[in-house]
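Student: After the structure tokens below, expect a handful of questions from me.
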Number of protein chains: 2
Amino acid sequence: MMQKLDGSEDLRVHRTRKSLEQALIEGTVEKGFEALTVRDITRRAMVNRSTFYRHYLDKYDLLEQHLNAIYQGLEEEGRIVEEGRYEGLIELLKQLQQFSNFYRLVLGTHSDTFLSLRFRQQTQQHCRAYFQQTFPEATADPDTLPFDLKFTTVSSAASSALLWWLEQERPSTPEQFAHWMQQIVYDMLVPTFKQKK
Amino acid sequence: MMQKLDGSEDLRVHRTRKSLEQALIEGTVEKGFEALTVRDITRRAMVNRSTFYRHYLDKYDLLEQHLNAIYQGLEEEGRIVEEGRYEGLIELLKQLQQFSNFYRLVLGTHSDTFLSLRFRQQTQQHCRAYFQQTFPEATADPDTLPFDLKFTTVSSAASSALLWWLEQERPSTPEQFAHWMQQIVYDMLVPTFKQKK
DNA sequence: CTCCCCCTGTCGCATAGGCAACACATTCCG
DNA sequence: CGGAATGTGTTGCCTATGCGACAGGGGGAG
């Protein structure tokens, strides 16, 4: 068996997954997510179809895992709220910007209902994890505003901000926008939690 | 042993070679061919360095094989001179156009001497093979203009035309330019060979 | 209805490619 | 000068991936 538990993957694995994600994005832009078949994806990625199934259950699973991966930088770099430290967020924005065609499809109002639903779920889930990690004390404390309430409003605001940014004609740089997002989130959180220190 | 002699490669082989060619092109554009190391190429291609050496002797070999591959469509599709049949040429032009940064470096007057020399050699070699195949009778016939003379002038003209096209600010479409090239080559060849029929 | 075509998942076997280590050359810096 | 750092080629072993075949499942046209 010998499961690899450390983060260092075999280079082949890394390359295969990246190719498939790339092919998913391009294919979705070209003919839409629902019309896209596993064969389409693997042909484009130059990966054998059987290999696809060694990594993913189906195209939905691929999408989900890809969206998960998008956020990992955020969690690793962390600490949006602290001074000037949001490299993770900037990485995320760069990824979104690079394939903005795709993510506009995923996020946008005209999107496939499945896709947009899934994306919002992912967004919320990751925001939740992030905030629980950043403010562990807030989760349990009954005196403050209910954690779930605060979390819901913040992640909703963040989603809207992202969507707004993606749909701009000439979007500002990831760095600039990251700064704005940081400010928004900061302003929302400070009144609730900051004074406790 | 069991050498694969048919054209159908293992998908992995195809993918690996494509990745390495792509990395060569991008790397050359970014930091120049001479400054580029094998490590650079393999890192960018997400291919292990040892795998590189299973396919190529060194970066020069990679370049040479890549340039060879570029022309294969020409030889397979063939028949530039015949009516409207130059799909191979169009494919070639599309490739050149897609990475015109790179090929301008390779072809251009300011290019690295090794690169430009190698490219011109390749061009001549493929032109020669092509013409020998298209006009097999001309090679031996002592009555016509010497084959080598004709071939030299034609391939030189073709190289200049290609370079001209690559250096245009707003180049015409591959289809349009292919048509022009066909006309040039046709006009050069017809007086010599066509009347023999 | 059947036939045909393309899709999905899954399998066993063959192999290309990853990894780690090697000797050796080179540059560069104290 | 000497050694750290980085590059080139090469090797042996292990494994992810390709290939081909399979059963099963829609749909579309006769």
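The values are calculated or read from the model by the stated rules, or taken from the named source; none is laboratory data. Nothing here was measured: the structure is a model prediction, and the numbers come from that model. Glycine also receives a Cβ, built like all others from the backbone with ideal geometry; neighbour counts cover every protein chain displayed. Heavy atoms of the whole protein, side chains included, go into the accessibility calculation; ligands, DNA and RNA do not. Shrake-Rupley method; radii C 1.70, N 1.55, O 1.52, S 1.80 Å.
Student: Along Cα→Cβ, 7 Å out, is where each label goes; now give me the distance between the ones at A:Thr152 and B:Trp180 in nm to one decimal.
Tutor: According to this spin-label approximation, the distance is 6.5 nm.
Student: Take the Cβ-Cβ distance between A:Arg43 and B:Val38 as r, set R0 to 22 Å, and report the resulting FRET efficiency rounded to the nearest 0.05. Can you show the working numbers first?
Tutor: Values: r = 30 Å, r/R0 = 1.36.
Rounded to the nearest 0.05, the efficiency is 0.15.
Student: Then there is this: If each label sits 7 angstrom from Cα along the C-beta direction, how far apart, in nm, is B:Ile184 from its counterparts in the other copies?
Tutor: Result, one decimal in nm: 5.5.
Student: Counting only the heavy atoms of the protein chains, how much of B:Tyr53 is accessible to a 1.4 Å probe, in Å² to the nearest 10?
Tutor: Surface open to solvent at B:Tyr53 totals about 110 Å².
Student: Sorted from shortest, what are the nm distances separating the label point of A:Thr37 from equivalent points in the other copies, each placed 7 Å from Cα along Cα to C-beta?
Tutor: Reported distances to equivalent positions: 4.6 nm.
Student: Can you compute the modelled spin-label distance between B:Gln97 and B:Gln72, with each label point 7 Å from Cα toward Cβ, in nm?
Tutor: Here the modelled spin labels are 2.3 nm apart.
Student: How much FRET efficiency would the formula 1/(1 + (r/R0)^6) give for B:Ser160 and A:Leu11, where r is the Cβ-Cβ distance and R0 is 56 Å, rounded to 0.05? The partial results should precede the final answer.
Tutor: Working: r = 43 Å, r/R0 = 0.77.
Step by step, r from the Cβ atoms, then E = 0.85.
Student: Using a 1.4 Å probe and ignoring any ligands, DNA or RNA, find the accessible area of B:Trp180 and quote it in Å² to the nearest 10.
Tutor: In the full protein context, B:Trp180 sits at about 100 Å².
Student: Computed FRET efficiency, Cβ-Cβ of A:Glu30 and B:Asp58, R0 45 Å: what is it to the nearest 0.05?
Tutor: Values: r = 38 Å, r/R0 = 0.84.
The value I calculate is 0.75.
Student: Next up: Kindly give the distances from B:Lys94 to its copy-mates, label point to label point, with each label point 7 Å from Cα along Cα→Cβ, as nm values to one decimal ordered shortest first.
Tutor: Reported distances to equivalent positions: 3.2 nm.
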